Amino acid sequence: MNMNEFIAAMPKAELHIHIEGTVSAKKVLELAERNGVDIPYASEAEIVAAQDYSFPALENFLDYHYMCSSVLRDGRDVYEITRDFLEKCRFENIRHVEMFFDPQQHIERGVSFDDLMEAMMTACQASEVSTGLIMCMNRERSLESAMEMLDLADKHREDIIGVGLDSYEEGNPPIKFQEFYDRAREDGYRLTAHCDCDQKDAVKHAHQCAHDLNVDRIDHGLHVLDDPELVEVVRKREITLTMCPTWRPSDPEPRRLKALREMLDLGLPVCLNTDDPEEFASRYLTHMMQSVQQKGNFSAEEMTQFMRNAFRGSWIGQEQRAIHLTELEAHLEAYLKQN
Ligand code: HPA
Ligand code: ZN
């Protein structure tokens, strides 16, 4: 087994992936046609060509991302994309995946919270892959809107594992959602929040996540490295950093590769994720991990460490976690014996 085969066959977990970012260019066109939605792209090639998120990166990416997800108009659409993504996961040897969904967006387009949950859960229950759903709040929206989502989620409590925070970060600090996070914790949800790369006040936002919101994970979290106190807190409290090393036009980005190496060396619980696999050149987890391994020159042991961190940071039961970790160690051992 060579390194690429080792990575392909590795038992995997993924903790940072937005279900709305798994819609292929082909599917975007199909759904636009089926639902009569006007989009500014006439072909798959045009959709893919639009995936060049130059300055100011996050905003450009999000504008594109929301344009593509605007074709999702009913439960059937959501069911189909969830089913198709979970089928991909099986092919990637992903044993467990925790998926973000943006309820506010779907509701605005006419899919009720209940229909949305039914669509995703039908696909999840039919899949061999173990799944967790994380309800993400769009941070440019109001606190009141987020609190309403918690009300709507009440009757689906058993099917939603945690809450998160995504979308346009500038001017929308984590602290804006303090009340939301306090109630979510009381309601028994696990907590995470995006701290995207190169955002204004990035370090301050990471501080708020760790100290005020008291999150279990930080999504991305590259700028934790900019502050030794934060590094210490993340290490001590084992706050998993769900890094996504790929970006356009450089894929994977050299600076993010350097950060991954630094995080491993500091003993931080960092793992590898695709974020929005159909919207970045690196696509799905196996291919992304292979390019990270090659471009960052990571060893088999180091690639396994990323995955240990993913299973450890996941929100599954202890027993299930132990089974996956045992399988992962056996996989590494088999590779090391041969090489
Ligand atoms: N950051 C913020 N919002 C998002 C992202 C992201 O990486 N992906 C989808 N929505
Ligand atoms: Zn994300």
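The values are calculated or read from the model by the stated rules, or taken from the named source; none is laboratory data. Treat the numbers as computed from the prediction; the structure is a model and nothing was measured. So basically every Cβ, Gly included, is an ideal-geometry build from the backbone, and we count neighbours across all protein chains shown. The area values use the complete protein model at the heavy-atom level, side chains included, leaving out ligands, DNA and RNA. Shrake-Rupley method; radii C 1.70, N 1.55, O 1.52, S 1.80 Å.
Each residue of segment 299-304 was assigned a 3J(HN,Hα) from its phi angle through the Karplus expression (A = 6.51, B = -1.76, C = 1.60, θ = phi - 60°), giving 7, 4, 4, 5, 5, 5 Hz with x at Gly and Pro. Among beta bridges from DSSP that stay inside segment 3-338, the antiparallel ones total about 0%.
Report, to the nearest whole %, how much of the accessible area of the chain belongs to carbon and sulfur atoms, 1.4 Å probe, protein only.
Working: 6690 of 13540 Å².
That share works out to 49 percent.
Rank-order 281-293, 117-129 by packing density, defined as the average count of other C-beta atoms within 10 Å over each peptide's residues, highest first. List each step's numbers first, then the result.
Values: 281-293: 20.9, 117-129: 17.4.
Highest mean packing first, the order is 281-293, 117-129.
With contacts taken as Cα pairs under 8 Å and at least 6 residues apart, segment 27-120 reaches a relative contact order of 29 percent.
Among the trypsin sites (Lys or Arg not before Pro) in segment 174-260, those placed in a DSSP loop whose Cβ has at most 11 other Cβ atoms within 10 Å are LYS200.
Could you tell me whether the chain comes out rounded, prolate or oblate from its Cα gyration tensor? Rule is a ≥ b ≥ c as square roots of the eigenvalues, rounded for a/c under 1.5, then prolate if a/b exceeds b/c, otherwise oblate.
Numbers: a/c = 1.35, a/b = 1.18, b/c = 1.14.
Rounded, since a/c falls under 1.5.
Relative contact order of segment 157-261, please, whole-number percent, based on alpha carbon pairs below 8 angstrom and at least 6 residues apart. Reported relative contact order: 21 percent. Summed over qualifying helices (DSSP H, 4 residues or more, each -39500 (n - 2.57)) and divided by its residue number, the chain shows a 222 nm mean residue ellipticity of -15000 deg cm²/dmol.
So which of LYS12/LYS204; LYS258/LYS337; LYS12/LYS258; LYS88/LYS204 end up more than 25 Å apart by C-alpha? Beyond 25 Å between Cα atoms: LYS12/LYS204; LYS258/LYS337; LYS88/LYS204. Computing FRET efficiency as 1/(1 + (r/R0)^6) for GLU5 and LEU325, where r is the C-beta to C-beta distance and R0 is 25 Å, gives about 0.75. The HN-Hα couplings worked out from phi for segment 65-76 by the Karplus form 6.51 cos²θ - 1.76 cosθ + 1.60 (θ = phi - 60°) are 4, 6, 4, 5, 6, 5, 7, 7, 10, 8, x, 4 Hz, whole numbers, x standing for Gly and Pro. Placing a label point 7 Å from the Cα of MET147 along the Cα-to-Cβ direction, the residues of segment 166-190 with a backbone N closer than 16 Å are 175-187. Result for the chain in a Gaussian network model with C-alpha springs under 10 Å: among PHE177, PHE55, PHE91, the largest mean-square fluctuation is at PHE55. Taking all protein chains into account, the per residue accessible area for the chain stands at 40 Å² (1.4 Å probe). For PHE100, nonlocal amide neighbours, meaning residues 5 or more places apart or on other chains whose placed amide H falls under 5 Å from its own, are ILE17, HIS18, ILE19, ILE134.
Let me have the relative contact order for the chain, percent, based on Cα pairs under 8 Å that are six or more residues apart. Reported relative contact order: 19 percent.
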